[in-house]
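Q: Structure incoming, see below.
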Amino acid sequence: MQQFDYLIIGQGLAGTCLSLHLQAKGKRVLVVDFFRRTSSSRIAAGFIHPITGRRINKTWMAETLLPYASSFYYTLGQQAKTSFFHESDSLEMISEIRQLNDWQNRSAEPGYAAFFGEQEVTGYDKLLVDHIKLIRLRNSGWLNVPKLLDHYKQKWKASEQLLEIDSVINDELSLQQMLQQYGITATAIIFCEGEQGRFSEFWNWLPFNPAKGEILTLEIPGLPEKEILFNGIFFIPLGNHKFRVGSTYSWNPLDDVPTEAAKAELVEKIHKTIQIPFTIADHLAGVRPATDDRRPFLGRHPHHKNYFIFNGLGSKGSLLAPWFAEHLTDHLIINTPLLKEVDISRFSNRK
Ligand SMILES: Cc1cc2nc3c(=O)[nH]c(=O)nc-3n(C[C@H](O)[C@H](O)[C@H](O)COP(=O)(O)OP(=O)(O)OC[C@H]3O[C@@H](n4cnc5c(N)ncnc54)[C@H](O)[C@@H]3O)c2cc1C
């Protein structure tokens, strides 16, 4: 029988960041994963940026989460002698005067100025569709999520800290069977199943609100690769003239099948942004583990006292996972209270 402090179910970004934090505190951790090629973390573009939405609002907890995430991924990259996170400015393409005024007003507000870059934008003349300005935003970048996951998958498999299983664990019976089959015991089990969590007997009462997303990989010879261009969709430079471009949102059906409709929607937006030729190299779809109130799910199961959840990272897993994984680690080990906004006890009336 192998005894662990924590059994983590799911090796997406949530399970990976949480395992790293627990291991760093000296805990014995086993990760169990039912690999899915199209899980959200495998599809994600990993884009992190400080300001979101048409209303030009600062991302929730931006001042805390942004520096934490970039330093966390930077350190992991150093330890692995590679880089997982690519810090770069993003350029917001502005096409209307009203939009420009809104952005300029925001940039003058306290708490926002630090996110705006001064450096002149060059190299985009004649490449983009008519626009008024490109606004430079600092503190953004992108995480190569599959590279990060693969790195730890290989490492943990070699050290017998990761077990790939061939069926999902959705209820007490399948959980107990798996524990018995592999001879595992653990003091606590933490479910990091992404959008699959909505099918779990333990967590299906939580208000998941998953959103399907589709994303393209384009080849765009000639487009600068220094910054991330943003015009309602992002153009993330991968190197060698390749860009991740996305993404769409849809709610029915919630599957991982790429559709012609979403491709057409993205192509239309691409034509509203660049006026140079491009080719589509890849098209993928996945489901984001989003929640009704757009806040993560952290905490203890109301009846199973040694079952916990880390889920609900929505469309911002790359930004949220590192800090909230540490937040949950502190809760598990030294019993610090969880932020009310993320503690699943906020839904205790549903169970
Ligand atoms: C098209 C698209 C674009 C996106 N772009 C971005 C972006 O630019 N920036 C950003 O920050 N986020 C982005 N996201 C969101 C991001 O992918 C998620 O927030 C994050 O990856 C979720 O990670 P997770 O670990 O919670 O879930 P997942 O990635 O779904 O990982 C869960 C893991 O657990 C396994 N699993 C599930 N159930 C079980 C079970 N019962 N037993 C065993 N194993 C199980 C799964 O197979 C998987 O390996 C995007 C998502 C999509 C779909």
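The values are calculated or read from the model by the stated rules, or taken from the named source; none is laboratory data. Computed from a predicted model, the values in this text were never measured in an experiment. Glycine also receives a Cβ, built like all others from the backbone with ideal geometry; neighbour counts cover every protein chain displayed.
Q: How about the stretch 8-20: which of its residues are more than 6 Å from the ligand (Cβ to nearest atom) and either crowded, with 24+ Cβ neighbours inside 10 Å or assigned to a loop (DSSP other than H, G, I, E, B) (or both)?
A: Initial filter on the stretch 8-20 (more than 6 Å from the ligand (Cβ to nearest atom)): 8, 16-20.
Residues satisfying the conditions are Ile8, Thr16, Cys17, Leu18, Ser19.
Q: While we're here: Exactly one condition in (1) in contact (Cβ under 8 Å) with a residue 60 or more places away in the chain; (2) away from the ligand (no atom under 12 Å from the Cβ); (3) closer than 18 Å to Leu143 by Cβ is false for Gln79; which is it?
A: (1)
Q: Also: Can you pull out every residue in the stretch 107-135 that is crowded, with 18+ Cβ neighbours inside 10 Å and out of contact with any Lys or Arg (no Cβ under 9 Å at 6 or more places or on another chain)?
A: Selection gives Leu128, Leu134, Ile135.
Q: If we scan the stretch 101-115, do we find a residue that is outside any loop (DSSP other than H, G, I, E, B), at pLDDT 95 or above and in contact with a Leu (Cβ under 6 Å, 6 or more places away or on another chain)?
A: no
Q: Moving to a separate point now. Do we find a residue being of a type in the set (Ser, Thr, Tyr), more than 7 Å from the ligand (Cβ to nearest atom) and closer than 19 Å to Lys212 by Cβ anywhere in the stretch 306-318?
A: no
Q: OK, next. Take residues that are touching a residue at least 60 places away in the same chain (Cβ under 8 Å) and tell me which of the strands (runs of 3 or more DSSP E) falling wholly in the stretch 259-351 contain 3 or more.
A: By residue number, 279-288, 307-311.
Q: Which one of these is surrounded by 19 or more Cβ atoms within 10 Å (Cβ to Cβ) and more than 17 Å from the chain's Cα centre (by Cα): Leu339, Leu313, Leu332?
A: Leu332
Q: Related question: So is Ser40 surrounded by 22 or more Cβ atoms within 10 Å (Cβ to Cβ), polar (S, T, N, Q) and either more than 13 Å from Leu148 (Cα to Cα) or within 11 Å of the ligand (Cβ to nearest atom) (or both) or not?
A: For Ser40, the condition - surrounded by 22 or more Cβ atoms within 10 Å (Cβ to Cβ), polar (S, T, N, Q) and either more than 13 Å from Leu148 (Cα to Cα) or within 11 Å of the ligand (Cβ to nearest atom) (or both) - is met.
Q: Only one residue in Gly232, Gly213, Gly197 is within 23 Å of the chain's Cα centre (by Cα) and part of a strand (DSSP E or B), so which one is that?
A: Result: Gly213 is the single residue among Gly232, Gly213, Gly197 that is within 23 Å of the chain's Cα centre (by Cα) and part of a strand (DSSP E or B).
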